[in-house]
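The values are calculated or read from the model by the stated rules, or taken from the named source; none is laboratory data. The structure displayed is predicted, hence computed values, not measured ones. Quick reminder, even Gly has a Cβ in these numbers, built from the backbone with ideal geometry, and neighbours come from all protein chains shown.
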Amino acid sequence: MTEIFVSPQRVSARDDLTVVDVRREWDYANDHIPGAVHVPFERFRDSGDAMEGTLPTPTAFGSLLGGAGIEPRDRIVAYDGGRGVYASRLLVTAEVLGHDPDRLHLMDGDIRAWRRNHETTDAVPDTETAEYVCEPRADGALIGADELEDALDSDAVVVDTRDPVEYDTVHLPGAVNLQWRTLVDDETRRLRPRDELESILQAHGLHPDRPVRLYCNTGRRLSFVYTVLLELGYEDIGFYEGGIEAWAEHGGPVETTS
């Protein structure tokens, strides 16, 4: 089974890992995991029309990662200060744009979880600019509006990862509302034990043998849920990047919670 979430202990012995901090500039400058390179979250989000949702263009993403010294064959482990929800977005973006998914990992926890047993630094590592050329996947998990609409009439579980208020206002017919925070232990800031995760997901109708289709508005919340599902062995997962507004423009059906 694919190991996506790796412990801080594993990261500390990272002879084969490229550690990536996705927090804001001032957070990274204050303290970070020793040797971590910086790829800030706001730099790999793009709400323009060139790509679906908030995905950056391949050229922009390749320039960003190459500028941080990251190469296409690197084994990446990302972390943030928000329990992994921002770092997971980097991994999903990299996967869509061609990075080998078997070489993409998320630190289980965040910088606060790291600080409990490990030291941080403000020293910026020396890096050389690398050539990172993106080759977007044609067979990946990114789906379009037509594919999402098809899922509404299938045995797939359509999952809305937005906040409950957003969900109650409007959502896709039959979609279940799953909050990414329920998958994380608030005290440790790390992923809940496997049996707890399976119980939460099953309560929402999610099982490894059923297709799952995710949607959100900003992308980061569905990215975390997507990453957890991969960790648990789910294979048939797709995610829609457009959000509710793009879905409405497509003319897709919606409903509200009364």
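Only a single criterion out of (1) assigned to a loop (DSSP other than H, G, I, E, B); (2) surrounded by fewer than 17 Cβ atoms within 10 Å (Cβ to Cβ) is not satisfied by Cys134, namely (2). Could you look through the range 174-223, keep only residues that are in a loop (DSSP other than H, G, I, E, B) and of a type in the set (A, V, I, L, M), and pick out the one that is nearest to Asp236 (Cα to Cα)? Selected residue: Leu206.
Looking at Arg189, Arg137, can you tell me which residue is of a type in the set (Lys, Arg), touching a helix residue (DSSP H, G or I) at 6+ places or on another chain (Cβ under 9 Å) and under 19 Å from Val225 (Cα atoms)? Don't jump to the end; show me each part of the working.
Details: Arg137 fails: under 19 Å from Val225 (Cα atoms).
After ruling out the rest, the residue left standing is Arg189.
Restricting attention to the range 93-121 and to residues that are aliphatic (A, V, I, L, M), part of a helix (DSSP H, G or I) and under 20 Å from Ile70 (Cβ atoms), the residue that is farthest from the chain's Cα centre (by Cα) turns out to be Ile111. The set of residues in the range 78-92 being surrounded by 24 or more Cβ atoms within 10 Å (Cβ to Cβ) and either in a loop (DSSP other than H, G, I, E, B) or free of Cβ contacts under 8 Å to residues at least 60 places away in the same chain (or both) consists of Ala78, Asp80, Arg83, Gly84.
Within the range 170-181, the set of residues being in contact with a helix residue (DSSP H, G or I) (Cβ under 9 Å, 6 or more places away or on another chain) and surrounded by fewer than 14 Cβ atoms within 10 Å (Cβ to Cβ) comprises just one member, Arg181. Of everything listed in (1) under 29 Å from Val184 (Cβ atoms); (2) modelled with pLDDT of 95 or more; (3) out of contact with any helix residue (DSSP H, G or I) (no Cβ under 6 Å at 6 or more places or on another chain), the single unmet condition for Met51 is (2). Here Gly251, Gly242 are screened, and the one residue that is under 27 Å from Arg45 (Cα atoms) and without any contact (Cβ under 8 Å) to a residue 12 or more places away in the chain is Gly251.
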